[in-house]
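Only one structure is covered here, and it is reproduced in the block below.
Values in this text are rule-based calculations from the coordinates and carry no lab data. These numbers come from a predicted model, not from an experiment. Cβ atoms come from the backbone with ideal geometry, glycine included; neighbour counts cover every protein chain shown.
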Amino acid sequence: MEPRAMHSWKLSEEEAIQLQQKLARQVITEDQLADVQYVAGVDVAYSKHSDKLIAAVVILEADSLKVAESVVVEDHVQFPYIPGLFSFRELPPVIKAFQQIQTPPQLIVCDGQGLAHPRSFGLASHLGVLFDMPAIGCGKTRLLGEFEEPSLVRGSVSPLVDHGKVIGSVVRTQDGIKPIFVSVGHKISLATACDWILKLAPRYRLPETTRQADQLVNRVLEKK
């Protein structure tokens with residue numbers, strides 16, 4: 001599975017910001033999903049003992065949520081730790097993992113942000129634009145924006161707002177547990193993104209896409 005577009009990853013901080021601003025104009029916030037049979041989960045973890053990072057892509061059957069395929073890639077960090085520019089640090093190994101995938105998904109769910117980002121171009125948007133594919137940002141924590149706590153019932157949603165603009169949703173995936181932060185990545189509406197996250201999280205706080213990818217990278221890290 002190859003990206004539709006690519007750019008250099010050897011960029012200065014200023015060049016990366018300029019590229020984000022340019023690519024952010026390509027983000028589509030309306031539903032352009034085909035029949036979704038497979039959903040990809042993406043996660044990246046860092047070694048505590050070296051400059052290695054581990055990227056995992058897990059493909060789930062959309063209906064059963066069973067794992068159909070998974071790929072792990074080890075790589076070395078090549079971009080500095082700069083808030084707001086994590087995609088330049090994490091996407092190179094993620095893309096390498098997607099290039100090994102034999103079961104193409106119709107939707108990508110990232111453990112990170114989409115439009116809920118200082119320049120409206122988090123990792124989910126970056127990945128979605130490069131692959132020209134519907135993508136959702138689903139973060140465990142808020143990067144920016146204000147919100148009112150949604151009710152304690154599963155399925156409750158409240159808007160995530162930054163300077164008067166809705167940049168995402170705060171979604172309660174299970175009764176009485178912490179909500180998660182959902183935003184548009186690419187080629188999907190916010191309402192549809194929230195519906196998908198709830199569908200992908202039938203039992204736990206995090207969607208199965210994130211849970212499975214997270215477990216995979218952690219298993220690999222434990223062996224290091």
Report summary line: One finds the C-alpha centres of region 167-190 and region 48-127 to be spaced, in Å, by 18
Query raised in the report: Near the amide H of residue 168, under 5 Å away, which other amide H atoms are found, from residues 5 or more places off or on another chain, if H is placed in the peptide plane?
Result: 160
Report task. Treat every Asp and Glu Cβ in the chain as -1 and every Lys and Arg Cβ as +1, leave all other atoms uncharged, and give the resulting dipole magnitude about the Cα centre to the nearest 20 debye. Result -> 380
Report summary line: With the 8 Å Cα cutoff and a minimum separation of six or more residues, region 13-222 has a relative contact order in percent of 23
Query raised in the report: On alpha-carbon atoms, Rg over Rh for region 143-224 using Kirkwood Rh?
Result: 1.04
Query raised in the report: Regarding the chain, what is the average projected area of its C-alpha convex hull, in nm²?
Result: 11.6
**Report entry** Extension gain (nm, one decimal) between residue 151 and residue 102, 0.36 nm per residue minus Cα-Cα
**Finding:** 13.6 nm
Report summary line: Taking a straight Cα-to-Cα line shorter than 25 Å from residue 10, and setting aside same-chain lysines fewer than 8 residues away, one finds 22, 48, 52, 96
